[in-house]
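Read through the structure below, which is laid out as structure tokens, and then see the notes.
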Amino acid sequence: MKLLLLLFLFILYPLASFSEIDERKTDVYFANVILTNEKNATSNTVLLEDAIRLKFYNDNPMEMDKKIGKVTEAYNSTHGWGIGDLIESLLQKLSLHEVVDGIVGNIYNTLIQNAHSSDLSLQVANYKKSIQSGHKVLVVAHSQGNLFTYEAYRKLDDWMQDYFEAISVASSGISTR
């Protein structure tokens, strides 16, 4: 009887441990524009989720849950009353973050780089977590969000890039492919 119970547990445990993984699902992230506080980024993400549910799933949350894992923001913080965001965007566009560090030093690090690195690391970690859970990742990126999305894509492991897509809104002309 004990042997039968052990065999049963060895068979059921792996099945139960993988019950959360659904490779048919996509996690959708909204990457925000400059001058967006966290409250506005969350509000825009809710609008995106509502639009997806209405347009693609006929306002049926149960149907949406079959294909969409979650809809959440990939927030990049605003700093320097927008001036910092503009500088950050320019540096991202020109891929100059490392070069500027040596030129401007502490002012740049204090105003922009520390927040930039923190935001980017969190985004990459969230994308990796989604992909490792078996979901695809779709980023709806607006303006500067495109630049963060491109940087995050490049930091993913090579095999993960096949499970990552982006839709650019107000694009800066950068592509992940």
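Nothing in this text is a laboratory measurement; each read-out follows from the coordinates by a stated rule. Source: prediction; values computed, not measured. Glycine gets a Cβ as well: all are built from the backbone with ideal geometry, and neighbour counts include every protein chain shown.
Ranked by the mean number of other Cβ atoms within 10 Å of their residues, highest first, the peptides 47-56, 161-170 come out as 161-170, 47-56. Near Ala166, the amide H atoms lying under 5 Å from its own belong to Val139; only residues 5 or more places off or on other chains count, and H is placed 1.01 Å from N. 3J(HN,Hα) couplings calculated from phi for the stretch 123-140 with the Karplus curve 6.51 cos²θ - 1.76 cosθ + 1.60 (θ = phi - 60°) are, in sequence order, 4, 4, 4, 5, 5, 4, 4, 4, 5, 5, 7, x, 8, 7, 10, 10, 9, 9 Hz; Gly and Pro show x.
When we measure straight from the Cα of Lys155, which lysines land under 28 angstrom away, once same-chain ones fewer than 8 places off are left out? Partners found: Lys25, Lys39, Lys67, Lys70, Lys93, Lys128, Lys129, Lys136. Taking amide H atoms as placed 1.01 Å from N in the peptide plane, the amide H of Gly69 lies under 5 Å from those of Thr26, Asp27, Val28, each 5 or more residues away in sequence or on another chain. Does the stretch 119-174 come out rounded, prolate or oblate by the C-alpha gyration tensor, with a ≥ b ≥ c the root eigenvalues, rounded set by a/c under 1.5 and, if not, prolate when a/b is larger than b/c and oblate if not? Note, shape of the stretch 119-174 comes out prolate.
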